[in-house]
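The values are calculated or read from the model by the stated rules, or taken from the named source; none is laboratory data. Only a predicted model underlies this, so the values are computations on that prediction, with no experimental measurement involved. Reconstructed Cβ throughout: ideal geometry from the backbone, glycine too, with neighbour counts over all protein chains shown. For the accessible areas, the whole protein counts, side chains as well, though only heavy atoms, and no ligand, DNA or RNA atoms are used. Shrake-Rupley method; radii C 1.70, N 1.55, O 1.52, S 1.80 Å.
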Amino acid sequence: MSSLTRLRKLLLVCLMWSSVAVSASAADSVVRLSADIGPRPVAEALAAFGRQTGLQLIYVSTIAETQQSKGAPAGLAASAALTQLLDGTGLTFEFLNARTVRIFPAPVVVPTLTAGSPAPPHTERRGSSNVLGLEEVVITATRGQQPLIRVPMDIKVWTEEALEVSGIQGMAQLGALTPDVGFAFSPGLGADAYTHLDIRGVTNQWGATVGVYFDDTPIPPARAATYLLSFPLTFDLERVEILAGPQTVLLGDHTQAGAIRFIPTQPSLTTSTSIFRAEWGTTEYGGPSYEAGAAVGGPLVTDVLGFRMTGWYREDGGYVDRVDPATGVTVDANANRSFSELVRGALTFAPTAAVQVTPSLTYQSIRNRDTSTFDSTLSNPGSGVFKNPSPVQQPFEETYYLASVKLTARLRAGDLSAVAGYFDQTGGAMVWTQFDLPPTTTGYFGLQQRVYSADVRLSSHDPDAALTWTTGLFFDGEHAHYPYWPDGVYSDTAVTDQSRLEAFGQIAGKLTQRLTATAGVRVGHSNLQYSDNVLPPVQGETSETWYAPRFGLSWQADEEDLVYLTVAKGHGSPTFVPVNTPLPTPTPADALWSYEIGSKHELLDGRLHLEANIFHIEWDNGPPNPSFAGGGEHNTAPGKAVSNGFDLTLRALVTQETKVAVDIAYTDAHVTQTTTFDGQLYARAGDSLPVAPWNVTASIERDFPIRSNLTASLRVEDAFRSTPGSTYLDNPASTYYFGSQKDPSANVLNVRAALKSSSFEAAVFLRNALNSHPLMHGLANGVDNVGTPTQVFTLAPRTLSVSGTWRF
């Protein structure tokens, strides 16, 4: 191991995100009880406190069901009043910002805390209690802090605990377990690296349609239509927010279908916390897997300076053998091994109670030793035989650094948030796309990408005011270079330089006490310069000015019932597809309109959470380009398309120890016009897009209390994805026909058993318990470029792992 590698692994430099929190003292100075609150049940006391102070209280209703409050006298500041109201109940609190307070059970044992300190976020876990609960989630997707139940938008939230119990390490598992989200790779293009991501079946012929963010910093697509593997890893995240539908107004360009925000655990100014995790696993027919990670953080100067440092490493064992194409002899057993590294650090400095500055740095590296595809004619998945007859190894490596500085301040005019980011990525993949003999041309595709970005926004103080608003500016500049080595010969090929300047604003006003109208717009200007030296050389420049509005109505019948209507336009600026196929001009801009009606409900005293929505989306992928006939670097068919569907989410606390969850998504995405060019058929009206129409994820979880500080648990989770309808890829008359079979339906059953206390959890995880192995080309996840018909991949075989997690 080189000294540089050791240095990278040890690098724990100041990082990332902090909440827009203002200390409780800021609220105390202006919020006091106006009347006595007498002794009564805790739930009633908290309701009275909320009415008097106007503060928003977030807590799971079950924790207050049997508790009695001693009350509090008039005149007390908010923090002191809450302390007295919760005295003797076993509950504590923390201010998330100046107007939002979280109530939760105090930890049983927290050795690093002094008496009276608020509990750290990591102790707010079921390990410290024998009672399951439906989590109350506060999200920042709308660039403010709001309880999820009150946000008029379809948002799936993976909390830290949910990520852990579902065994999620990255985007692949998020895509597999989140209905509405399609994620896969093109099996004909290297080591699983040319990935595709869609939400609600929305695909663009050329560019990415889902925005990816690490906290508030955008992560750009790597090759116009793909992010490769540059999705943030999920160790030591506070949560992941998956937003369905256009997010252009508040989040920006290329979020036509939605956005995914990876929110890291923030530095704390008051509480020291740490997490240590280790895992070992073995894959049937394959190699072992290893994981080790640690994160520590807390105040360096209480209420003034805090830090968070994270380091994580994982090796996933392979199960596909690369064999000699002439003799069939194994050349490299379990060749598709992969390696992931993460180092992250952050500091939060609060010179005053109303100002915070957070500089941060993240290093991430993912390396795939070889592709996970294999030849279906040589393999026997039922017997654990997966053979890849490639004459060359097809590795992939991608490394990036993400630096940012975030400033939040409570000004007289509003709440200020300013984020400056720098993204620096390098990588490359060896590609050999044919299994036929003799071997055809190979190519090594490189990537060098640098992006500067800045986002400044000002928002109104009170989220519950009759009129709320947000306004801001965004700028980014990107330079990308795509060197190419066909058959090992260097070619200085494509170079792109793109800049974007955008202004946005959104306003929400209460028409009545319960009915709110929202309107917003984003206006942008983009400029793209490009050059490509491949067959023949092309170069040029293009620019555009665009706008995207958003309108909404929401009816907050009460604190537990919300109905909403949203009409929004999404926009994607022109892009340039490098190296693979020359284009005389950049790809055209992309836009869509989305219409959605939804509702959210908390029923049965918070024991049942229900969300439902229906949507209709219209877009136009533009005219066909003959350069891509027969399978170039593209995502979907040209022409007009629609996506109609619904999403239903149910979470229920059946008993105090049993929780169930069901998420059902249906998407009918299809082409609405027949498209031809020079007499060649591309797609017929009515042809489905290559996405699975039905997606269902269900789980049941049961706790078994052993004693006051020790609980066993069992969780069973199942994810189902149906086969696509009849797509343009199935028609032999279409230029996109590959002769590949449809992806069959896929079903994955995962089982997890754990033993947990307030600070330690030991778990056994069985992934793909039924050892399902459908032969897939990626078509159920929006992939178009599928390679040869016999070139397939499957779910990773049954994998058993054991892990230990310590929290302090």
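Details
- Alpha-carbon radius of gyration plus Dmax, which is the widest Cα pair, for the stretch 201-285 in Å: 16.4, 49
- With every protein chain in place and a 1.4 angstrom probe, the accessible-area ranking of LYS156, LYS510, LYS640, largest first, reads LYS640, LYS510, LYS156.
- Of the whole protein surface, MET309 contributes about 60 Å² of accessible area at a 1.4 Å probe radius.
- Rounded tilt (10° steps) of 42-53 against the dominant C-alpha axis of the chain: 90 degrees
- At R0 = 30 Å, FRET efficiency that the Cβ-Cβ distance of SER599 and ALA413 yields, to 0.05: 0.30
- Put the Cα centre of the stretch 541-569 next to the Cα centre of the stretch 265-283 and the gap is 37 Å.
- The residues of the stretch 659-719 present an accessible area of 43 Å² per residue when probed at 1.4 Å with all protein chains retained.
- Taking Lys and Arg as +1 and Asp and Glu as -1, the other residues whose beta-carbon sits under 12 Å from that of GLN425 total -2.
- Simple Cβ-charge dipole of the stretch 273-322, Lys/Arg +1 and Asp/Glu -1, about Cα centre, in debye nearest 20: 180 debye
- Label-point separation, LEU378 to LEU515 (7 Å along Cα→Cβ), nm: 6.7 nm
- Electrostatic bookkeeping for THR234 treats Lys and Arg as +1 and Asp and Glu as -1; over the other residues with beta carbon under 13 Å from its beta carbon, the sum is -2.
- Convex hull of the stretch 284-336 built on C-alpha atoms - directionally averaged projected area, nm²: 5.4 nm²
- Dipole of the stretch 643-731 computed with +1 at Lys/Arg Cβ and -1 at Asp/Glu Cβ about the Cα centre; of THR675, TRP694, THR658, farthest Cα towards the positive end is THR658.
- When a 1.4 Å probe is rolled over the protein heavy atoms, the share of accessible surface on the chain that falls to carbon and sulfur comes to 60 percent.
- In this structure the amide hydrogen of GLN56, modeled in the peptide plane, comes within under 5 Å of the amide hydrogens of THR100, VAL101, none closer than 5 places in sequence on its chain.
- Per-residue surface analysis assigns HIS254 an accessible area of about 20 Å², computed on protein heavy atoms at 1.4 Å probe radius.
- Compared with the alpha-carbon gap, the fully stretched path from THR330 to ALA454 is longer by 39.6 nm at 0.36 nm per residue.
- Chain lengthening between VAL301 and VAL764 when straightened (0.36 nm per residue, less Cα-Cα): 162.8 nm
- The per residue volume of the convex hull around the alpha-carbon atoms of the stretch 162-305 is 143 Å³.
- Net length available on complete extension from TYR490 to VAL523 is 7.8 nm, with 0.36 nm assigned per residue and the Cα-Cα distance removed.
- Distance between the C-alpha centres of the stretch 500-540 and the stretch 325-372: 30 Å, rounded to the whole angstrom.
- Debye, to nearest 20: dipole size of the stretch 153-245, +1 on Lys, Arg Cβ, -1 on Asp, Glu Cβ: 480 debye
- PHE551 versus VAL654: modelled label distance in nm, points set 7 Å from Cα along the beta carbon direction: 4.5 nm
- Charge tally in the Cβ shell below 15 Å around GLY298, where Lys, Arg are +1 and Asp, Glu are -1, GLY298 excluded: -1
- Relative contact order, whole percent, for the stretch 676-808 stands at 23, derived from Cα pairs under 8 Å and 6 or more residues apart.
- In a simple Cβ point-charge model (Lys, Arg +1; Asp, Glu -1; nothing else charged), the chain has a dipole of about 1520 debye relative to its Cα centre.
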